[in-house]
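S.K.: Right, I'll just put the structure down here and ask away after.
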Amino acid sequence: MDTGGRYNPGTNSWTAPSPTNAPAGRYRHTAVWTRSEMIVWGGFNGPFNTGGRYDPSTDSWTPTSTTNAPAGRARHTAVWTDSEMIVWGI
């Protein structure tokens, strides 16, 4: 599935994020939080070497670049360094 939900604990409610430009549905992907965006990358149903950046303040997705991206993978780890996402593993 390429769907998800945004949970607001203040109102105890869920809303669906915009599906426009969302990455294709996947599992075994990774996601990191940059303090302003969620970056989703990799995963299986491929495996994918693609992803997307979700900005909750604008409810919008931007595809990640595939230029020089690592090969697709689905059992990897990703971390956020405060300036970039590092992906490692198979």
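The values are calculated or read from the model by the stated rules, or taken from the named source; none is laboratory data. Here the structure is a predicted model, which is why all the values come from computation and not from measurement. Methodologically, a virtual Cβ is constructed for each residue, glycine included, from the backbone with ideal geometry; neighbour enumeration extends over all protein chains shown. Protein only, heavy atoms only, side chains kept; ligands, DNA and RNA dropped before computing areas. Shrake-Rupley method; radii C 1.70, N 1.55, O 1.52, S 1.80 Å.
S.K.: Out of the residues in the range 50-78 that are open to solvent by less than 40 Å² (accessible area, probe 1.4 Å) and of a type in the set (S, T, Y), which is nearest to R6 (Cα to Cα)? I'd like the intermediate steps shown before the answer.
M.R.: Kept after step one, since they are open to solvent by less than 40 Å² (accessible area, probe 1.4 Å), are these residues of the range 50-78: 51-52, 54-55, 61, 64, 69, 72, 74, 76, 78.
If we keep only those that are of a type in the set (S, T, Y) too, we end up with 54, 64.
Details: Y54: 11, T64: 21 Å.
Across the range 50-78, the extreme among qualifying residues is Y54.
S.K.: Next up: Among (1) part of a strand (DSSP E or B); (2) out of contact with any Pro (no Cβ under 7 Å at 6 or more places or on another chain), which single condition is V87 missing?
M.R.: Of the numbered conditions (1) part of a strand (DSSP E or B); (2) out of contact with any Pro (no Cβ under 7 Å at 6 or more places or on another chain), the odd one out for V87 is (2).
S.K.: For S18, are the conditions met, namely being more than 13 Å from the chain's Cα centre (by Cα) and open to solvent by 80 Å² or more (accessible area, probe 1.4 Å)? Walk me through how you get there before you give the answer.
M.R.: On the way: more than 13 Å from the chain's Cα centre (by Cα): yes; open to solvent by 80 Å² or more (accessible area, probe 1.4 Å): no.
Here the answer is no, as S18 does not meet what is asked.
S.K.: Could you run through the range 38-90 and say how many residues are free of Cβ contacts under 8 Å to residues at least 40 places away in the same chain and among the basic types (K, R)?
M.R.: Within the range 38-90, residues that are free of Cβ contacts under 8 Å to residues at least 40 places away in the same chain and among the basic types (K, R) number 2.
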